[in-house]
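**Student:** This is the structure, below, for whatever I ask next.
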Amino acid sequence: CPPSPTGAQITQLLVEPPWRPAVLWDRVTLTCQGSGTAGVITWYKDGQRWGKNSRDHFIVTESGTYTCDRPGRGLSFPVRVFDGPLVLQVPVRPLLEGDTVTLRCRR
């Protein structure tokens with residue numbers, strides 16, 4: 001994530017299970033996270049307003065690109081959920097040169 005201005009909080013969209021790319025058949029849960037103001041969260045799917053509610057998480061049932069917006073905290077980075085027949089996945093964590101990485105080839 002790019003650095004935020006001093007004192008600013010940003011909205012994060014967390015993916016469970018923590019593999020990228022996220023695939024629909026993994027029963028993916030998205031969680032809109034950010035400190036500060038509680039209240040209505042606006043969800044977007046493929047760039048269009050998709051829902052507005054106080055729920056901060058849900059299980060994805062359709063492939064697409066998702067973002068969320070928390071009041072006063074801004075829009076999250078997008079998360080793409082695929083529904084492909086074959087996917088090579090990597091763990092969601094910062095990787096450095098020389099790290100050992102487990103890859104998953106899923107179908």
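**Student:** Residue check, LYS52 against (1) in contact with a strand residue (DSSP E or B) (Cβ under 6 Å, 6 or more places away or on another chain); (2) over 18 Å from ILE10 (Cα atoms); (3) surrounded by 13 or more Cβ atoms within 10 Å (Cβ to Cβ), all met but one. Which one?
**Tutor:** (3)
**Student:** For the stretch 64-79, give me each residue that is of a type outside the set (Ser, Thr, Tyr), closer than 14 Å to THR31 by Cα, open to solvent by less than 100 Å² (accessible area, probe 1.4 Å) and in a strand (DSSP E or B).
**Tutor:** CYS68, ASP69, ARG70, VAL79
**Student:** Right, another one. Only one of LYS45, LYS52 is modelled with pLDDT under 90 and charged (D, E, K, R). Can you tell me which?
**Tutor:** Checking each option against the conditions leaves just LYS52.
**Student:** Just a yes or no: is a residue in the stretch 20-37 modelled with pLDDT under 90, open to solvent by less than 60 Å² (accessible area, probe 1.4 Å) and part of a strand (DSSP E or B)?
**Tutor:** no
**Student:** If THR61 satisfies every condition in (1) among the polar types (S, T, N, Q); (2) loosely packed, with under 14 Cβ neighbours inside 10 Å; (3) assigned to a strand (DSSP E or B) but one, which is the exception?
**Tutor:** Failing condition for THR61: (3).
**Student:** In the stretch 80-105, how many residues are open to solvent by less than 70 Å² (accessible area, probe 1.4 Å) and closer than 12 Å to LEU24 by Cα?
**Tutor:** 3
**Student:** Ok, one more. So VAL81 ticks every box in (1) at pLDDT below 90; (2) closer than 18 Å to GLN33 by Cβ but one. Which box is left unticked?
**Tutor:** Against the list (1) at pLDDT below 90; (2) closer than 18 Å to GLN33 by Cβ, VAL81 comes up short only on (1).
The values are calculated or read from the model by the stated rules, or taken from the named source; none is laboratory data. Since the model is a prediction, treat every value here as computed from it, not as a measurement. Note that each Cβ is placed from the backbone with ideal geometry, even for glycine, and that neighbours are counted across all protein chains shown. Remember, those area values only see protein heavy atoms, side chains included, never the ligands or the DNA or RNA. Shrake-Rupley method; radii C 1.70, N 1.55, O 1.52, S 1.80 Å.
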